[in-house]
Amino acid sequence: MRDGLHEIVMPQLAESLVSATIERWLKQPGDTVEMYEPICEINTDKVNAELPSTVSGKLVKILAGEGETVTVGAPICLVETAAAEAPDRNAPDRPREAAMPRPERAAGGDGGEGAAPMRGRYSPAVQRLAAEHGVNLAEVRGTGLGGRITRKDVLNHIESGRASGRPAGPLPDDPARMPVRSGGLHLSEEPKTPVIEVEAAAPGDSEYFIDVTPLRHTIATRMRQSVTEIPHAWTMIEADVTNLVALRNKLKDEFKKREGINLTYLAFFLKAVINAIKDYPIMNSVWAVDKIIVKRDINISLAVGTEDGVWTPVIKNADQKNIAGLAREIDDLARKTREGRLSLSDMQGGTFTVNNTGSFGSILSQPIINYPQAALITFESIVKRPVVIGDMIAIRSMVNLCLSLDHRILDGVICGRFLQRVKENLESFSIENTTLY
């Protein structure tokens, strides 16, 4: 508490978290705030999250702007609590000049001179709404932080009758209008459309600019760290999954009725990988300079791609789950990713990463290792090909398995044996001897 105000500080959401970035303020100075009501969105190196207020009152001042990285424990805003506003009946009368000053507005919030830095940046929601109603955004008064135009500003402009009513066309190659792609989990639904801040270009310009979001910055940092510190090597093997295809085709409809979710190939692939890790536990390790740390728990990180980045939610204790349990975990994590509801606990503790690049048709890939893990395996697209079996040609369902490895920990011999075991496990799935539960 300071001068009758309550400081809301950046919490430590995880043991290893030392800072977080303010992604977006959901409340502005002068707004009423209820306890536990989200006041801003924050971004860590693991996940995005909404930060709830720890008190009820009125937001007086924002101390950390959007895009600013704040250390754990540092104040991010001031909230005037109800107790601070209530008069003390036993205290002598004070002149009005001594009362609490009026809340400050964010810089440029009135759309005046200070609005210039953010005036030309529009979110996809604002662009879509403006296009649907024929609104010229240059004519809209922005009341957001830094003069940014919000969706409410556009709606107010429309209600005032100043919109033309003629839908405006999108910018060429406007990312807000592009179809959303997804990959990695055979998603049956599109992930939520990302909020990409686009800096408007002058008419006739041949390019436009997209802000680097905290998530994209984190991905860039981690990828650079991985390729800089880890000596990558790569190997591939192919597997005949004809029996697996027949097995899934037989069971998928009944499984859908019973569980209410899709039975994907990824659940079988995970089981094959997990059983291979049990046989070769060195694959489940990290480099620690003077030693190699082998993890006892097998926690599988799933590489999930959405339009705005790649997420790696984790299936904890994956070796203790059957195929049906893995399918449920895959569906749950896919749903959370689509809806933007991944928590820090969903993203922590991974020991080995699996990627399903085959879900968008890839047949060969060379992925970057998920630092600091020792390896990453990708499950490519299942393709029917002519294969020689016993001097005869047969049409079989084949798949490539690609492995990226940390050559400080792993060598060709151990990785070759590991891939052979994954291949054997995949090819052993059949209608006769495989159960889901």
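Remarks
- When residue 51 is tested against the conditions (1) crowded, with 18+ Cβ neighbours inside 10 Å; (2) at pLDDT 85 or above; (3) in contact with a helix residue (DSSP H, G or I) (Cβ under 9 Å, 6 or more places away or on another chain), the lone failure is (3).
- Listed by first and then second residue, the pairs linking a residue in the range 38-65 that is in a loop (DSSP other than H, G, I, E, B) to a residue that is of a type in the set (Asp, Glu), with Cβ atoms under 6 Å apart and 6 or more places separating them unless they lie on different chains, are 53/37; 56/34.
Every residue, every condition in (1) touching a residue at least 40 places away in the same chain (Cβ under 8 Å); (2) closer than 22 Å to residue 213 by Cα; (3) polar (S, T, N, Q), yes or no:
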{"residue": "300", "(1), (2), (3)": "yes, no, no"}
{"residue": "304", "(1), (2), (3)": "yes, yes, no"}
{"residue": "322", "(1), (2), (3)": "yes, no, yes"}
{"residue": "346", "(1), (2), (3)": "yes, yes, no"}
{"residue": "349", "(1), (2), (3)": "yes, no, no"}
{"residue": "358", "(1), (2), (3)": "yes, no, no"}
{"residue": "380", "(1), (2), (3)": "no, no, no"}
{"residue": "402", "(1), (2), (3)": "yes, no, no"}
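- Filtered residue count, the range 11-34, keeping only those that are part of a loop (DSSP other than H, G, I, E, B), among the aliphatic types (A, V, I, L, M) and either in contact with a helix residue (DSSP H, G or I) (Cβ under 6 Å, 6 or more places away or on another chain) or at pLDDT 85 or above (or both): 3
- Filtered by the rule that a residue be under 24 Å from the mean Cα position of the chain (by Cα) and either assigned to a helix (DSSP H, G or I) or within 12 Å of residue 351 (Cα to Cα) (or both), the range 248-272 gives 265, 266, 267, 269, 270.
- Filtered by the rule that a residue be at pLDDT 90 or above and surrounded by fewer than 18 Cβ atoms within 10 Å (Cβ to Cβ), the range 75-88 gives a lone residue, 75.
- Conditions (1) surrounded by fewer than 17 Cβ atoms within 10 Å (Cβ to Cβ); (2) small (Gly, Ala, Ser); (3) modelled with pLDDT of 50 or more: number failed by residue 64: (1)
- Reported count of residues in the range 366-412, each being in a loop (DSSP other than H, G, I, E, B) and either over 36 Å from the mean Cα position of the chain (by Cα) or more than 30 Å from residue 231 (Cβ to Cβ) (or both), is 3.
- Subset of the range 413-432 [touching a residue at least 12 places away in the same chain (Cβ under 8 Å), in a helix (DSSP H, G or I) and not small (Gly, Ala, Ser)]: 414, 415, 417, 418, 419, 420, 421, 422, 423, 425, 426, 427
- When residue 436 is tested against the conditions (1) hydrophobic (A, V, I, L, M, F, W, C); (2) more than 17 Å from residue 304 (Cα to Cα); (3) touching a residue at least 60 places away in the same chain (Cβ under 8 Å); (4) assigned by TED's automatic domain parsing to the domain that holds residue 242, the lone failure is (4).
- On the stretch given as the range 340-354, residues that are touching a Phe, Trp or Tyr at 6+ places or on another chain (Cβ under 7 Å) and of a type in the set (S, T, N, Q) total 0.
- Scan the range 232-283 for residues that are surrounded by 21 or more Cβ atoms within 10 Å (Cβ to Cβ), closer than 27 Å to residue 413 by Cα and not aliphatic (A, V, I, L, M) and the total you get is 3.
- Screening the candidates 294, 286 for the property of being among the β-branched types (Val, Ile, Thr) and either buried (at least 23 other Cβ atoms within 10 Å of the Cβ) or more than 11 Å from residue 352 (Cβ to Cβ) (or both) yields one hit, 294.
- Annotation: residue 408 fulfils all but one of (1) out of contact with any Cys (no Cβ under 7 Å at 6 or more places or on another chain); (2) under 25 Å from residue 223 (Cβ atoms); (3) surrounded by 21 or more Cβ atoms within 10 Å (Cβ to Cβ); the unmet one is (3).
- From the list 318, 327, 375, the one residue that fits, being modelled with pLDDT of 95 or more and either more than 30 Å from residue 258 (Cα to Cα) or among the β-branched types (Val, Ile, Thr) (or both), is 375.
The values are calculated or read from the model by the stated rules, or taken from the named source; none is laboratory data. These figures come from a predicted structure and were not determined experimentally. So basically every Cβ, Gly included, is an ideal-geometry build from the backbone, and we count neighbours across all protein chains shown.
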